[in-house]
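Asks: Dumping the structure here so I can ask a few things about it.
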Amino acid sequence: MQVQTPAVGRRKRAVARIRVVPGSGRILVNGVDYKEYFHRITLEKVVEKPLEVTGTMGQYDVFAKVEGGGKTGQADAIRLGIARALVKINPEYRKVLRQTKLVYSLLTRDPREKERKKYGLHRARRARQYRKR
């Protein structure tokens with residue numbers, strides 16, 4: 001039996017459940033190849049980043065189940081999940097993943113969320129247009 005390393009990644013409303021297994025380097029998102037699922041090269045690079053930084057590209061198969069949010073949030077959630085799984089596999093990867101920063105380090109959950117809409121306003125902070133006369 002192959003050793004599976006589970007991890008969870010989150011970003012905004014997206015939640016990704018990740019399983020990392022020693023293998024040939026396949027990355028499947030909801031049962032589909034990640035290049036077909038995301039379509040954009042930038043999002044593909046986001047998902048690959050933890051494997052690229054640790055030099056483990058092609059050594060592990062990644063199986064991701066992701067739900068909620070949009071494609072960008074899902075890609076970021078998968079990235080965090082893969083990074084957490086790699087640290088479980090080899091704790092020495094922690095330093096490299098910590099030092100690599102995009103907005104936050106690859107091991108930090110991005111805390112930015114959509115602010116709720118307030119009553120009397122159009123959006124969270126957008127008020128009605130003011131007219132003097």
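Asks: Looking only at segment 113-123, decide whether some residue is charged (D, E, K, R), surrounded by 11 or more Cβ atoms within 10 Å (Cβ to Cβ) and either under 12 Å from the mean Cα position of the chain (by Cα) or part of a helix (DSSP H, G or I) (or both).
Replies: No: zero hits.
Asks: If the requirement is being loosely packed, with under 14 Cβ neighbours inside 10 Å and either at pLDDT 95 or above or farther than 13 Å from Ala14 by Cβ (or both), which of these qualifies: Gln59, Gln129?
Replies: From the options Gln59, Gln129, the qualifying one is Gln129.
Asks: While we're looking at this one, here's another question. If Gly68 satisfies every condition in (1) small (Gly, Ala, Ser); (2) surrounded by fewer than 16 Cβ atoms within 10 Å (Cβ to Cβ); (3) within 23 Å of Gln4 (Cα to Cα) but one, which is the exception?
Replies: Just one mismatch for Gly68, condition (3).
Asks: Let me ask something else. Listed residues Leu102, Leu106; which is under 17 Å from the mean Cα position of the chain (by Cα), over 19 Å from Val20 (Cα atoms) and surrounded by 11 or more Cβ atoms within 10 Å (Cβ to Cβ)?
Replies: Leu102
Asks: Based on what the data block shows, is Lys118 of a type in the set (D, E, K, R) and at pLDDT 95 or above?
Replies: Yes.
The values are calculated or read from the model by the stated rules, or taken from the named source; none is laboratory data. The shown structure was predicted, so the numbers you read here are calculated from the model rather than taken from an experiment. Positions of Cβ are generated from backbone atoms using ideal geometry, with glycine treated the same way; all protein chains shown enter the neighbour counts.
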